[in-house]
Amino acid sequence: MKQGKTTFFGLQIDVRRQEKLCADICDWLDRSATAKAVSCFRQQSLNAVKLPQAIGNPDLFYALENATCLSADGMGVVWAARLMGIKLPQRVTGIDLMKALLPRFAKQGLSVFLLGARADVLEKLSDKLRDTYPDLVIAGMHHGYEPDDAKLAEIVRKSGADALFVALPSPRKELFVEHFSVQTGCRFAMGVGGAFDVLAGKVTRAPLIWQKAGLEFLWRIMCQPKYMIPRYASGLVGFAKLVAPGIVAHHAKRLRHWAKQAAFIGTVVPMILCAGEPHAQVVWADGFAQGDPQVTADWMNAKLAGISDPDDVQDVIDEIVNRVLAPADEALSVDIKDSEIDWQAADTSIRALLGLFDVVLAGMGANSFLLEAVLGGVVKQILNIHPEPERLAGLVQTTAPDLAARVFGVGGRNRDGFSAPILVVQSGAPKPSPTVIQQPAKAPRVIQIPSYQAFNTGTFAMFADGAGWGVSDEEKDTVRIPELENVSPR
């Protein structure tokens, strides 16, 4: 877009308001009076009827395109441009611009020539102008019915006029201003259409409220139906067909833009809100864990105290797994399908559980070994169904290194999960550190543990069958048994 102009169907429409345009024209005439080169300021107007004509008439289009100033004459052009996203502050009609220039020309001592309309209309117009602007110099008048434009240009030149107002029919007036304005010797030439008839009083202009509402064309149709109906019928239909696709395309583009903005906001805002709550806690049902280690310790103590046989250990493991993997607002089930698990949320719950391990373990006392057995079974069970077991194993090592050392440190990891020693609690005097001894597998024996009645070490080997901690078939012949009391250094 050039400075002071905007593009509308390939034409450069001037966006200056009427007062600013009048002042610039008068300044230009003052400067051109001292210039040696002969030049002419060519003022043209564009309305809804003229635009389709210009699109179909290359000569008319060139005349409008090459004008020094092309103003939007008519609200149809202004409305269409705005609906297409083109900013036009106001319309500048030919008759209003002429009325605004005449007193300025009279003050500057510039002479004018009136070309067009019938002879009787010109006589009435000249009388009214002399009465309204006594200082205005009218250098000459001509009805314009002479078909030879070159002769008309010569008549104007002989008058010595500074400014020319042309009221010939369209497109003749636009072509005359474009091709013959320099030959007239005038420094300003402007097409004014039917302005002579209105200013002479032959045609009544629409009331001001109609003009502001953009309905002046309806008034003209009412005043001259035989002449105006055919003109506007064809012109306005052609204008609508011309601008409608551009309006639709512009608003479709806006809708796409707003859709993209809405999608962006819908994506970014939740991320911002989540980022604004870095300390949000993971909540599981029934007070299992809410980010409070004491709540978790109490829950675990209650569960471990209720264990009376090895089957109870697996029940606790299953319950914890389901609490970790199931949504907090759904009923717990021991039969969660892999397809129903939200692993992104589950990973958050797993991380929260592991993060509480070291804190909870410190207060477990004699039950610390059993807690390790339960958590090891939980990790084993989740590893067996996790879509990325290697990543989960890394998470365990990072979040709970003590637990990871017990889970992975002796038996190591393999593709399907991990193999760990069979852990047995043995009563007796505390020893400074656990030792690993090799011995053949023996028949099951019962060991008494203070927090529960009986724990069958052979039954505990059921974890080897996929339920929890265990040994592979190759390891069953030789079992490494650490002798532990409270394995927690705390």
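State all residues of the range 89-125 that are crowded, with 17+ Cβ neighbours inside 10 Å and among the polar types (S, T, N, Q); if no residue qualifies, say none.
Listed by number, the residues that qualify are Thr93, Ser111.
Among the residues of the range 367-408 satisfying the criterion of being surrounded by 15 or more Cβ atoms within 10 Å (Cβ to Cβ) and part of a loop (DSSP other than H, G, I, E, B), which is modelled with the highest pLDDT?
For the range 367-408, the residue satisfying everything is His386.
Scan the range 295-308 and report the pairs whose first residue is assigned by TED's automatic domain parsing to the domain that holds Val374 and surrounded by fewer than 15 Cβ atoms within 10 Å (Cβ to Cβ) and whose second residue is modelled with pLDDT of 75 or more and assigned to a helix (DSSP H, G or I), with Cβ atoms within less than 7 Å and a gap of 6+ or a chain change.
Going by the 7 Å Cβ cut-off, the qualifying pairs are Gly306/Asp312.
Is it fair to say Val156 is assigned by TED's automatic domain parsing to the domain that holds Ser111, without any contact (Cβ under 8 Å) to a residue 60 or more places away in the chain and out of contact with any Lys or Arg (no Cβ under 8 Å at 6 or more places or on another chain)?
The answer is yes for Val156.
Counting just the residues of the range 200-239 that are over 24 Å from Val121 (Cα atoms), among the aliphatic types (A, V, I, L, M) and in contact with a helix residue (DSSP H, G or I) (Cβ under 9 Å, 6 or more places away or on another chain), which one comes out modelled with the highest pLDDT?
So the residue we want is Val237.
Picking from Phe105, Phe113, Phe9, Phe41, which residue would you name as being touching a residue at least 40 places away in the same chain (Cβ under 8 Å) and either under 38 Å from the mean Cα position of the chain (by Cα) or not assigned by TED's automatic domain parsing to the domain that holds Ala195 (or both)?
Matching residue, one of Phe105, Phe113, Phe9, Phe41: Phe9.
When you go through Leu114, Leu101, Leu97 one by one, which is the residue that is over 14 Å from Lys202 (Cα atoms) and assigned to a strand (DSSP E or B)?
Leu114 is the lone residue from the list that is over 14 Å from Lys202 (Cα atoms) and assigned to a strand (DSSP E or B).
Can you tell which of Ala139, Ala150 is among the aliphatic types (A, V, I, L, M) and surrounded by 16 or more Cβ atoms within 10 Å (Cβ to Cβ)?
Ala139
The values are calculated or read from the model by the stated rules, or taken from the named source; none is laboratory data. Predicted model only: the values in this text are computed from it and were never measured. When we count neighbours, we look across all protein chains shown, and the Cβ atoms used for this are built from the backbone with ideal geometry, even at glycine.
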